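Data block below; observations after.
The values are calculated or read from the model by the stated rules, or taken from the named source; none is laboratory data. Just so it is clear, the structure is predicted and the values come from calculations on it, not from any experiment. Cβ placement follows ideal geometry from the backbone for every residue including glycine, while neighbour counts extend to all protein chains displayed.
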Amino acid sequence: MKLGERIARILGRKKPNEHKLSDFTTTSRVIPITLLAIGIGIFSAFVALALLRLIGIFTNLFFYQRWGPALVSPACGPVVRRGAPVSPFGLGSIHPPVAGASLTW
């Protein structure tokens, strides 16, 4: 037994590393963890925006052969059948996503 533990026992105190924890008790370590979580959340939001822009760029590039981050749908076109818009690309709209998915394997 160390000297500090002996003195603590004589004085009736608990060990220095022994803490009484119960429901809804926190320590000061929560503050840096919270700040870290906020930083990760902000960083993740910017990554999500960058990914959305990349989705817009590649959709425009592969479906409309133009450069730009605007989010456009390749499914909607000027052709309307039975009240629903139909893709102007027909079955050709299947090829770019399939080609992109096959590149990831």
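Below is a table of values for the structure above.
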read-out	value
Pair list, Cβ < 8 Å and 6+ apart or interchain, from the stretch 30-47 residues that are at negative phi and of a type in the set (A, V, I, L, M, F, W, C) to residues that are at pLDDT below 95 and exposed (fewer than 10 other Cβ atoms within 10 Å of the Cβ)	none
Test for Ala101: is it among the aliphatic types (A, V, I, L, M), at pLDDT below 70 and within 31 Å of the chain's Cα centre (by Cα)	no
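So that you can scan it fast, the table gives a plain yes or no per residue for (1) in a helix (DSSP H, G or I); (2) at pLDDT 90 or above:
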{"residue": "Gly12", "(1), (2)": "no, no"}
{"residue": "Asn17", "(1), (2)": "no, no"}
{"residue": "Ser22", "(1), (2)": "no, no"}
{"residue": "Thr34", "(1), (2)": "yes, yes"}
{"residue": "Phe43", "(1), (2)": "yes, yes"}
{"residue": "Gly56", "(1), (2)": "yes, no"}
{"residue": "Thr59", "(1), (2)": "yes, no"}
{"residue": "Ala70", "(1), (2)": "no, no"}
{"residue": "Ala75", "(1), (2)": "no, no"}
